[in-house]
1. Restricting attention to region 91-127, which residues are within 18 Å of Ile58 (Cβ to Cβ) and touching a Ser or Thr at 6+ places or on another chain (Cβ under 7 Å)?
2. Just one of the numbered conditions (1) at pLDDT 95 or above; (2) closer than 19 Å to Thr142 by Cβ; (3) open to solvent by less than 60 Å² (accessible area, probe 1.4 Å) is not true of Thr70; which one?
3. If you go through region 41-63 one residue at a time, do you hit one that is of a type in the set (Ser, Thr, Tyr), farther than 22 Å from Thr142 by Cβ and either surrounded by 12 or more Cβ atoms within 10 Å (Cβ to Cβ) or modelled with pLDDT of 95 or more (or both)?
4. Which of the residues that make up region 73-101 are among the charged types (D, E, K, R), open to solvent by less than 50 Å² (accessible area, probe 1.4 Å) and outside any loop (DSSP other than H, G, I, E, B)?
5. State which residue is farthest from Ile109 (Cα to Cα) when the search covers only region 35-59 and only residues that are polar (S, T, N, Q) and free of Cβ contacts under 8 Å to residues at least 24 places away in the same chain.
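The values are calculated or read from the model by the stated rules, or taken from the named source; none is laboratory data. Fair warning: this is a prediction, and the values are worked out from it, not measured in the lab. Reconstructed Cβ throughout: ideal geometry from the backbone, glycine too, with neighbour counts over all protein chains shown. Each accessible area value is taken on the protein alone, full model and side chains, heavy atoms only, with ligands, DNA and RNA left out. Shrake-Rupley method; radii C 1.70, N 1.55, O 1.52, S 1.80 Å.
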Amino acid sequence: ETYFTDSPAVLNETLAENSTHFQLKAFLDTNDTSRTPVLEEVNISYEDINDPPVNLTILSPTENQFTNITNVTIDIGNATDIEDDAVKYYLEVWNDSDLTNLGYVNASISETASPTTDTTTDLEEGDYYLRVLSTDDNSNSTFSSMVNFTVDTTLPTAFNITSPKANDVINFSGN
């Protein structure tokens, strides 16, 4: 293509996959022999496109799960990276659904055979909100869906059954 302009010419071309070079040719020509064509400036810029990892899932804990363990194991279903780059995970466990009180974070979980796991430090009793992000060091995925889980280590209150008494017969009827 030929451009005669005082403003930059932009060519948006996608190189074939695994291309390692490209070539630019400039031909300077004029019909005005009193002038010599001069190439004043050539700028080449490119952007290496890298897709973020996809298909990130939290396998455990599941939504609304209760646990009596304060060191909660998080199982992450490994993301897929189209370029086969190494994938790492960024994990956040929040103490509130507004995401204002961070209870636990691990900013660099290296992917292992699926599932990739991480174990929190001691969490206090309460509701928690978990999300995970994956990265291939070139681009980040979006955060996973939020998973709510509850840590509850309080034993139930002891109680005595006073009725029915031992050996009483209980009859049920209904529709």
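1. Listed by number, the residues that qualify are Val93, Tyr104, Ile109, Thr117, Thr119, Leu123, Asp127.
2. (2)
3. Scanning region 41-63 turns up no residue that is of a type in the set (Ser, Thr, Tyr), farther than 22 Å from Thr142 by Cβ and either surrounded by 12 or more Cβ atoms within 10 Å (Cβ to Cβ) or modelled with pLDDT of 95 or more (or both).
4. Matches in region 73-101: Asp75, Glu92.
5. So, considering only residues that are polar (S, T, N, Q) and free of Cβ contacts under 8 Å to residues at least 24 places away in the same chain, the one farthest from Ile109 (Cα to Cα) is Thr36.
Residues are listed down the side, and each one gets a yes or a no for (1) among the aliphatic types (A, V, I, L, M); (2) loosely packed, with under 11 Cβ neighbours inside 10 Å; (3) in contact (Cβ under 8 Å) with a residue 60 or more places away in the chain; (4) in a strand (DSSP E or B):
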site: Ile109; (1), (2), (3), (4): yes, no, no, yes
site: Asp127; (1), (2), (3), (4): no, no, no, yes
site: Leu130; (1), (2), (3), (4): yes, no, yes, yes
site: Ser144; (1), (2), (3), (4): no, no, yes, no
site: Phe149; (1), (2), (3), (4): no, no, yes, yes
site: Thr162; (1), (2), (3), (4): no, yes, no, no
